[in-house]
Amino acid sequence: MKPEEIKLRELHLSDKSQLAKLANNKKIWDNLRDSFPYPYSEKDAELFISVTIEESPKQNFAIQYDGELCGVIGLIIQNDIYSKSAEIGYWIGEPFWGKGIAATAIKLITNYGFEDLRLIRIYAGVFDYNIASMKALENSGYKKEGVFKKAVFKNDNVFDEHRYYKLNAH
Ligand SMILES: CC(C)(COP(=O)(O)OP(=O)(O)OC[C@H]1O[C@@H](n2cnc3c(N)ncnc32)[C@H](O)[C@@H]1OP(=O)(O)O)[C@@H](O)C(=O)NCCC(=O)NCCS
């Protein structure tokens, strides 16, 4: 697949139905923080999109595959002494899994974070069972830097969190 088929773009309110349709999936929620809504309604999508429209600089983007919105990726810029670091977060709608979309989207937003936002470090926290996400990060040049033992409490169970990072080479 050609990487040109995968793009990041700003979210628009007209994306709300497609966003809600794809996000409303327990298999996605199982890999994200509990603050991610489930069930995920069109109202939730509208609220999220409204927040991203106000962002300056932009931190959250729609992932577009062959002209269709297929997921969301974002950077959470940290505060205080961590202001040159950001946490990366992303999800892809289930019909689009296994096409290399996450790996390409991670590369694109990482370039944006380093070139446009002048970040020094981008990192991710992955639940221990999420092998697909770990592979997507590794395929995008991220390295594992450690395991936060029993850091995650999700679905009434305790899990390790695998931390990945990439540094700005410049
Ligand atoms: C994790 C997720 C982003 C991956 O998206 P994707 O576009 O399918 O990922 P990619 O196609 O770029 O890469 C997935 C890799 O994992 C592999 N993979 C997929 N499912 C797997 C599984 N169950 N076990 C092991 N490997 C798996 C693929 O083969 C591929 O590896 P390869 O390139 O070496 O063949 C997507 O499944 C998702 O959105 N999940 C729910 C939300 C989530 O986990 N977000 C990230 C939180 S850290």
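The values are calculated or read from the model by the stated rules, or taken from the named source; none is laboratory data. Here the structure is a predicted model, which is why all the values come from computation and not from measurement. Don't worry about glycine lacking a Cβ; one is built from the backbone with ideal geometry, like all the others, and counts go over all protein chains shown.
Taking the listed residues 123, 82, 90, the one that is touching a Phe, Trp or Tyr at 6+ places or on another chain (Cβ under 9 Å) and not acidic (Asp, Glu) is 123, with no other qualifying. Total residues in the range 49-94 satisfying the condition of being of a type in the set (Lys, Arg) and over 13 Å from residue 109 (Cα atoms): the figure is 1.
For the range 45-56, does any single residue satisfy the condition of being touching a residue at least 40 places away in the same chain (Cβ under 8 Å), more than 18 Å from residue 126 (Cβ to Cβ), in contact with a His (Cβ under 9 Å, 6 or more places away or on another chain) and not aromatic (Phe, Trp, Tyr)? The answer is yes, given that some residue of the range 45-56 is touching a residue at least 40 places away in the same chain (Cβ under 8 Å), more than 18 Å from residue 126 (Cβ to Cβ), in contact with a His (Cβ under 9 Å, 6 or more places away or on another chain) and not aromatic (Phe, Trp, Tyr).
Tallying residues that are hydroxyl-bearing (Ser, Thr, Tyr), part of a helix (DSSP H, G or I) and either away from the ligand (no atom under 13 Å from the Cβ) or surrounded by fewer than 17 Cβ atoms within 10 Å (Cβ to Cβ) (or both) within the range 101-144 yields 2.
Criterion applied to 77, 63 was being touching a strand residue (DSSP E or B) at 6+ places or on another chain (Cβ under 6 Å), under 24 Å from residue 37 (Cα atoms), in contact (Cβ under 8 Å) with a residue 40 or more places away in the chain and surrounded by fewer than 18 Cβ atoms within 10 Å (Cβ to Cβ), and the one residue passing it is 77. When you go through 158, 72 one by one, which is the residue that is more than 8 Å from the ligand (Cβ to nearest atom), in a strand (DSSP E or B) and surrounded by fewer than 13 Cβ atoms within 10 Å (Cβ to Cβ)? Just a single option satisfies the conditions, and that option is 158. Of the residues examined, residue 147 is not one that is under 16 Å from residue 89 (Cα atoms), more than 15 Å from the chain's Cα centre (by Cα) and within 16 Å of the ligand (Cβ to nearest atom). With the structure loaded, tell me whether residue 46 is over 25 Å from residue 153 (Cα atoms), at pLDDT 95 or above and part of a helix (DSSP H, G or I) or whether it fails that test. In short, yes. If you go through the range 26-50 and keep only what is over 16 Å from the mean Cα position of the chain (by Cα) and surrounded by fewer than 18 Cβ atoms within 10 Å (Cβ to Cβ), you end up with 26, 38, 39, 41, 42, 43, 46, 47, 50. Within the range 5-13, one or more residues are farther than 21 Å from residue 115 by Cα, charged (D, E, K, R), part of a helix (DSSP H, G or I) and modelled with pLDDT under 95. Got at least one residue in the range 77-93 being more than 21 Å from residue 164 (Cα to Cα), within 14 Å of the ligand (Cβ to nearest atom) and assigned to a loop (DSSP other than H, G, I, E, B)? Looking for residues that are more than 21 Å from residue 164 (Cα to Cα), within 14 Å of the ligand (Cβ to nearest atom) and assigned to a loop (DSSP other than H, G, I, E, B), one finds at least one in the range 77-93, hence yes.
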